[in-house]
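Colleague: If you scroll down you'll find the structure; I have some questions about it.
The values are calculated or read from the model by the stated rules, or taken from the named source; none is laboratory data. Nothing here was measured: the structure is a model prediction, and the numbers come from that model. All Cβ positions, glycine included, derive from the backbone under ideal geometry; neighbour counts span all protein chains shown. Note: areas computed on protein heavy atoms with side chains; ligands, DNA, RNA excluded. Shrake-Rupley method; radii C 1.70, N 1.55, O 1.52, S 1.80 Å.
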Amino acid sequence: MTEPGSQNPPSPQTPVRLDEVDRKILSLLQRDASLSLDQIAERVGASKTPVWNRIRKLREAGVIRRQVAILDPEALGLEACFFVLIRTSEHDRDWAARFLKALRDRPEVIEAHRLAGDIDYILKVQVRNARAYDRFYQSLIAEVKIHNVTALLSMEEIKSSSALPIPEGEIHG
């Protein structure tokens with residue numbers, strides 16, 4: 001699920017061939033999207049215009065979705081991260097629409113995934129503390145019928161990255 005306002009229409013899945021320069025550009029942008037065009041060009045060993053054209057083509061192909069600032073949750077006082085496992089006995093279209101709207105309307109839900117297996121959904125919820133999580137939980141179950149909810153508090157973040165591995169060769173953008 002993508003964030004509200006960031007939903008791009010599905011790309012037509014046209015193959016995009018990445019060469020070494022494209023992979024370097026993508027790697028640099030994943031680490032720091034605030035780099036200037038001059039800095040990127042210097043680091044990949046190319047001039048500005050060809051680098052700009054490559055970035056534009058990667059955007060148009062849907063390889064680069066958007067550029068964002070990654071904030072520190074603790075600096076914002078959001079010290080509790082819960083992984084919420086949801087099982088539902090409802091699987092009709094109306095329930096799914098209400099559930100997805102409920103998730104999209106709650107900024108504390110920073111990730112949501114529909115799963116295969118015994119659990120239907122997993123949410124990543126970032127809040128101030130356990131009381132804030134309970135308010136989130138109470139409002140969610142008041143809005144949408146949920147069969148079972150299990151909340152797991154993250155004690156320590158071991159690894160967090162928004163950087164994806166960049167495959168060699170042809171990819172589908």
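Colleague: For residues that are within 23 Å of Ala151 (Cα to Cα) and without any contact (Cβ under 8 Å) to a residue 12 or more places away in the chain, scanning just the range 49-74, find the one that is surrounded by the most Cβ atoms within 10 Å (Cβ to Cβ).
Modeller: Applying the filter and picking the extreme gives Glu74.
Colleague: Glu90 passes all but one of (1) at pLDDT below 95; (2) open to solvent by 50 Å² or more (accessible area, probe 1.4 Å); (3) touching a Phe, Trp or Tyr at 6+ places or on another chain (Cβ under 9 Å); which number fails?
Modeller: Status for Glu90: all satisfied but (2).
Colleague: Which of the residues spanning the range 25-37 are open to solvent by 90 Å² or more (accessible area, probe 1.4 Å) and in a helix (DSSP H, G or I)?
Modeller: Across the range 25-37, the qualifying residue is only Arg31.
Colleague: Collect the residues in the range 72-102 that are part of a helix (DSSP H, G or I) and in contact with a Leu (Cβ under 7 Å, 6 or more places away or on another chain), keeping them in residue-number order.
Modeller: Ala102
Colleague: Now, a different point. Can you tell me which residue within the range 104-124, out of those that are closer than 15 Å to Pro73 by Cβ and of a type in the set (Asp, Glu), is most open to solvent (accessible area, probe 1.4 Å)?
Modeller: Filtering the range 104-124 for residues that are closer than 15 Å to Pro73 by Cβ and of a type in the set (Asp, Glu), the one most open to solvent (accessible area, probe 1.4 Å) comes out as Glu111.
Colleague: Which residue is surrounded by the most Cβ atoms within 10 Å (Cβ to Cβ), if the candidates are limited to the range 128-173 and must be β-branched (Val, Ile, Thr) and more than 30 Å from Leu18 (Cβ to Cβ)?
Modeller: Going through the qualifying residues, I end up with Ile146.
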